[in-house]
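A short worksheet on the structure shown next.
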Amino acid sequence: MNNDNRLKSIEILYIEDDPGDIRLTQEVLKDTKIKIKLNVVTNGKDALAYLNREGEFATALRPDLIWLDLNLPAMDGRDVLQAIKQDEHLKTIPVVILTTSAANEDIARTYALGANCYVTKPVGLEAFAKMVEQIEGFWFTVVKFPPKM
Amino acid sequence: MATNTQITENYAVKILIVDDKQANLLAMGELLKNPGYEITKVDSGESALRCILKNEFAVILLDVQMPGLDGFETAALIRQREKSRNTPIIFITAAGKNHELMEKGYALGAVDYIFKPIEPSFLKTKVSVFVELHRRAVEAKKLTQSNQELEQFAYIASHDLQEPLRKIRSFSELLAKRYKGQLDSDADDFIYYITDGVTRMQRLIEGLLTFSRVTTQGNPLIETNFNHLIKETLAMIDIKIKETGSKITVGPLPVLKVDPGQMMQVFQNLILNAIKFKGQDDPVIHIKAEKKSVQGQDGWQFAVIDNGIGINLSQKDRIFKIFQRLHLRNEYPGEGMGLAISKKIIERHQGRIWIDSPGEGKGSTLLFFLPCQDASQEQCQE
């Protein structure tokens, strides 16, 4: 069984440019049972640098899960997703799209690009907390991750 | 004329006169002189075609007998151009009434004939009719466009407004969760008013979004069995029905071409309204439809009849306006969107909706009429 994830904290890379959403997620995670290390980058360029351990991210750990906002400045979330899913080494990391858009074309397009699931940011603290909890519950207790390379 | 000056005075309507004789051009130009017209005079079919490329004319007065391209040839070429395909053409001829000639003209798309010698008032009246038609078409086009823009605006505005609001709501809720009872009671009150206000505003914006989506994101109209549609609608609000002890009965309903999702929204709104505005007794609601002919148009009239608080009929139009409420929020919660959205949906189906009530305290009946979309009578049969 490849469950040694459980012993150390789980690494999430959160790619999000909205400081309010970042803070809210951090606050909600404070109340959660699972040990999560939330690493935040605010743009696509940093996200790829982080994943490829370049520059200031040279010592970054490979994340177990990526949370990706679609609307990012400069390099769009869709471009980031495409870059991840076309990279031999990165494509096995599950990507959860976290966005305000409920547009069908966004949903269809991101799945086509290889997103592992698509979540619309809900309204209200309770719903938001519940969403984070459910994402955690699913990805960290139900799902088996690909073995770390 | 005066009635229309307000919307039309800011532009002149273009008229084209084509005649190979300068004297005729001059005379007709003088005759039609009007501050509301911008008259262009050309002396050949060739120049007329050049003019048409650059301008949109309300009407073209075209001499039949001309050297070079004659009137008929010119008309045929005018009709071939996209921009002038529908521009009315009046042929002017000295040839006298000749049926064969006239038929040829009509086949080429002439809308009228004027015979020389020209009777001045006759020409003026004819031209003014086409000018008026043109103005109306332009106004209608502008109205449709501004309506579309407004809907688009409502959609974008409400969509973008949701984002900052989501933040205010989340953080004020977080504030309440973490600090409630730790500050003083004033602070608790203030936090309550912030979260309450934001929650309400969010519902208003969602309503606005739904409202604007009625036309911008409606689905095509498909043949729909209303008996099934009602069953589905009732299943969706089953909890509410049971909770309130509501009794709902449904008569036989027709099959009509509608947007089923939108129609379910209408019934849901009307039924939930009937439940919300209940009187002393538990709600008793009956839904029925009957075939009707309204102003020569066949269709079905639906009714949702309740035993609720009824309505003073002096308010009957107000309830269909967006954000209008007749009651205090703490008496009957809601944002005043349901009926406005229902009205918009019914109007998208070329129908109309209204309310009837024997008076306050005596229940009310929400009625709507849906015309049969196809001329085919089958549609209107059960």
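Quick note: the coordinates plus some simple rules give every number you see, no bench work behind them. Values in this document were obtained by computation on a predicted structure and should not be read as measured data. Note that each Cβ is placed from the backbone with ideal geometry, even for glycine, and that neighbours are counted across all protein chains shown.
Please give the FRET efficiency for B:R81 paired with B:E30, using the beta carbon to beta carbon distance and R0 = 35 Å, rounded to the nearest 0.05. Kindly include the intermediate steps, with their values, before the conclusion.
Values: r = 29 Å, r/R0 = 0.83.
Using R0 = 35 Å, I get an efficiency of 0.75.
Kindly flag which residue pairs out of A:K91/B:K177; B:K257/B:K362; A:K35/A:K85; B:K33/B:K54 have an alpha-carbon separation exceeding 31 Å in this structure. Walk me through the numbers before you get to the answer.
Numbers: A:K91/B:K177 39 Å; B:K257/B:K362 34 Å; A:K35/A:K85 27 Å; B:K33/B:K54 22 Å.
Distance filter (> 31 Å) returns A:K91/B:K177; B:K257/B:K362.
Which of rounded, prolate, oblate describes chain A, given a ≥ b ≥ c as roots of the alpha-carbon gyration tensor eigenvalues and a/c under 1.5 marking rounded, otherwise prolate only if a/b is larger than b/c? Can you show the working numbers first?
Values: a/c = 1.29, a/b = 1.02, b/c = 1.27.
Rounded, because the longest to shortest axis ratio a/c is under 1.5.
Would you please classify the overall shape of the range B:72-209 from the alpha carbon gyration tensor, given that a ≥ b ≥ c denote the square roots of the eigenvalues, rounded means a/c under 1.5, and beyond that prolate means a/b larger than b/c while oblate covers the rest?
Numbers: a/c = 9.26, a/b = 4.82, b/c = 1.92.
Because a/c hits 1.5 or more and a/b exceeds b/c, the range B:72-209 counts as prolate.
Per 0.36 nm of contour for each residue apart, how much would the distance between B:T244 and B:Q148 grow if the chain were fully extended, relative to their Cα-Cα spacing?
On the way: separation 96, 0.36 × 96 = 34.56 nm, distance 4.05 nm.
Extra length available between B:T244 and B:Q148 comes to 30.5 nm.
Quick one: grab the alpha carbon gyration tensor of the range B:18-150, order the square roots of its eigenvalues as a ≥ b ≥ c, and give me rounded if a/c is under 1.5, else prolate or oblate depending on whether a/b is larger than b/c. If you can, show how the numbers build up before the last one.
Working: a/c = 1.76, a/b = 1.51, b/c = 1.17.
Prolate shape, in that a/c is at least 1.5 and a/b is the bigger ratio.
May I ask you to derive the FRET efficiency for A:K130 and B:E206 from their Cβ-Cβ distance with R0 = 22 Å, giving the value to the nearest 0.05? List each step's numbers first, then the result.
Details: r = 19 Å, r/R0 = 0.87.
About 0.70, to the nearest 0.05.
Determine the calculated [θ] at 222 nm for the protein assembly as shown from helices alone, applying -39500 (n - 2.57) to every DSSP H run no shorter than 4 residues and normalising by the residue count; nearest 500 deg cm²/dmol.
After summing the helix terms and dividing by the residues of the protein assembly as shown, the value is -14500 deg cm²/dmol.
Cβ neighbours within 10 Å, averaged per peptide: list B:42-49, B:342-349, A:125-132 in order, most packed at the top. Don't jump to the answer; show the numbers that get you there.
Numbers: B:42-49: 19.5, B:342-349: 21.0, A:125-132: 17.9.
Ranked by mean Cβ neighbours within 10 Å, highest first: B:342-349, B:42-49, A:125-132.
GNM, chain B, Cα, under 10 Å: largest mean-square fluctuation among B:N307, B:N98, B:N219?
Greatest mean-square fluctuation among the candidates belongs to B:N98.
Per residue of A:121-128, count partner chain C-beta atoms within 10 Å of its C-beta, then hand back the mean as an integer.
Values: counts 3, 2, 9, 8, 10, 3, 3, 5.
Per residue, the average neighbour count from other chains is 5.
For peptide B:165-174, what's the mean number of Cβ atoms from other chains within 10 Å of each residue's Cβ?
Numbers: counts 1, 9, 6, 1, 5, 15, 5, 1, 7, 7.
Per residue, the number of nearby Cβ atoms from other chains is 6 on average.
Indicate the helices, whole DSSP H runs only, in chain B that combine a mean Kyte-Doolittle hydropathy of 1.6 or more with a Cα extent along their long axis of 20 angstrom or more. Walk me through the numbers on the way to the answer.
Details: long enough: B:120-179 (86 Å, -0.50); B:185-216 (47 Å, -0.01); B:260-276 (23 Å, 0.34).
Taking the DSSP H segments of chain B (at least 20 Å long, mean hydropathy at least 1.6), we get none.
Once each part is reduced to its C-alpha centroid, what is the distance from the range B:100-127 to the range B:12-58 in angstrom?
About 16 Å separates the Cα centre of the range B:100-127 from the one of the range B:12-58.
Over chain B, what is the relative contact order in whole percent, taking alpha-carbon pairs under 8 Å and six or more residues apart? Before the final figure, lay out the partial values.
Numbers: 560 pairs, mean separation 38.1, N = 382.
Across chain B, relative contact order equals 10 percent.
Which FRET efficiency, nearest 0.05, do A:L38 and B:A157 yield, Cβ-Cβ r, R0 35 Å?
Efficiency, from the Cβ-Cβ distance: 0.60.
With the contact rule set at Cα under 8 Å and sequence spacing of 6 or more, what percent relative contact order holds for the range A:4-137? Don't jump to the answer; show the numbers that get you there.
Numbers: 189 pairs, mean separation 30.0, N = 134.
Worked out over the range A:4-137, it gives 22 percent.
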